[in-house]
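Notes follow once the structure below has been shown.
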Amino acid sequence: MNKQYLWTAAALTAGVLSTTQTFAQVTLNVTDNTVVTAINGQEVKNGLLSKPQKTYKLEPGKHVITAKYNRLYELRGDNHDVLRSSNISVPVELADNQTYVLDMLGQPEDYNAAKEYVKQPTLAVLQGKQVIASQQATSSSSSSIFSGLGNALGGVFGGSSKAVEANQQTINALGQSGGAIPAINQPVATTVSSSDSLDQFMQLWLRATPAERDKIRQWVQK
């Protein structure tokens, strides 16, 4: 085996390793009843008719992730209730080529217990069964029908995003405490067009029965 062959093989191996490192990413899986609303200062839009994104591909490094607890309970007599918490932000450092889970810890199944839980749920990032970062909500918030509808439709009715504000506050706090995030990596996330969402909502509303419209009113008031 000559030296030229060895040098060529070494160069190819180095190239493959370099390429692998360049495209390496972190996988973040999101559990049920957990809705991501912002990552690293950027809003993650969730349309009224679309299901929240369950998997995110992020660059390795430090991230600030904001999410809220969101759960629909079907009650007796064709009634229902949507329990939705305030935004919770958790800073975390994610390692290369690893898979993590974003979860609201200790979710109760019982409806009455969930009504208390939603006031101060705990958002956590897990690797396997180990919690590597967590943050508990400090308070719950409520919104008017128009602000709720605006959030559901991706901000059609204007106004600043509370999710981005909560996310940015955590980023700023890290900087003031000496734990600044030197480079905020941009997430790969899907967004929903505001105009498309509004059109879809209008069609949904026109096709809805009086009972279904009442449910929609209850949902956007949460």
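Specify which of the listed residues (ALA124, ALA133, ALA114) is outside any strand (DSSP E or B) and either of a type in the set (Lys, Arg) or surrounded by 12 or more Cβ atoms within 10 Å (Cβ to Cβ) (or both).
On the way: ALA124 fails: outside any strand (DSSP E or B); ALA133 fails: outside any strand (DSSP E or B).
Only one candidate qualifies: ALA114.
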Exercise. If LEU149 satisfies every condition in (1) among the hydrophobic types (A, V, I, L, M, F, W, C); (2) over 24 Å from LYS57 (Cβ atoms); (3) at pLDDT 95 or above but one, which is the exception?
Worked result: (3)
Seminar exercise, completed: Residues of segment 46-85 being surrounded by fewer than 16 Cβ atoms within 10 Å (Cβ to Cβ) and free of Cβ contacts under 8 Å to residues at least 60 places away in the same chain, in sequence order, are LYS51, LYS54, THR55, LEU72, TYR73, GLU74, LEU75, ARG76, GLY77, ASN79
For this session: May I ask you to verify whether THR37 is surrounded by 23 or more Cβ atoms within 10 Å (Cβ to Cβ) and not charged (D, E, K, R)?
Result: yes
For this session: Look through segment 35-87, keep the residues that are in contact with an Asp or Glu (Cβ under 6 Å, 6 or more places away or on another chain) and assigned to a strand (DSSP E or B), and return whichever of them is nearest to LEU123 (Cα to Cα).
Result: LYS62
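If you take the residues in segment 91-107 that are assigned to a loop (DSSP other than H, G, I, E, B) and farther than 8 Å from VAL26 by Cα, which one is least open to solvent (accessible area, probe 1.4 Å)?
First, the residues of segment 91-107 that are assigned to a loop (DSSP other than H, G, I, E, B): 95-98, 106-107.
Checking which are farther than 8 Å from VAL26 by Cα leaves us with 106-107.
Details: GLY106: 68, GLN107: 46 Å².
Among those residues, the one meeting the criterion is GLN107.
At pLDDT 95 or above and not hydroxyl-bearing (Ser, Thr, Tyr): does that describe GLN98? So that I can check it myself, show each step before the final result.
Numbers: at pLDDT 95 or above: yes; not hydroxyl-bearing (Ser, Thr, Tyr): yes.
The answer is yes for GLN98.
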Exercise. Does THR138 satisfy the criteria of being at pLDDT 95 or above and open to solvent by 70 Å² or more (accessible area, probe 1.4 Å)?
Worked result: no
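The values are calculated or read from the model by the stated rules, or taken from the named source; none is laboratory data. Predicted model only: the values in this text are computed from it and were never measured. Counting neighbours? That spans all protein chains shown, and the Cβs are built from the backbone with ideal geometry, glycine included. Note: areas computed on protein heavy atoms with side chains; ligands, DNA, RNA excluded. Shrake-Rupley method; radii C 1.70, N 1.55, O 1.52, S 1.80 Å.
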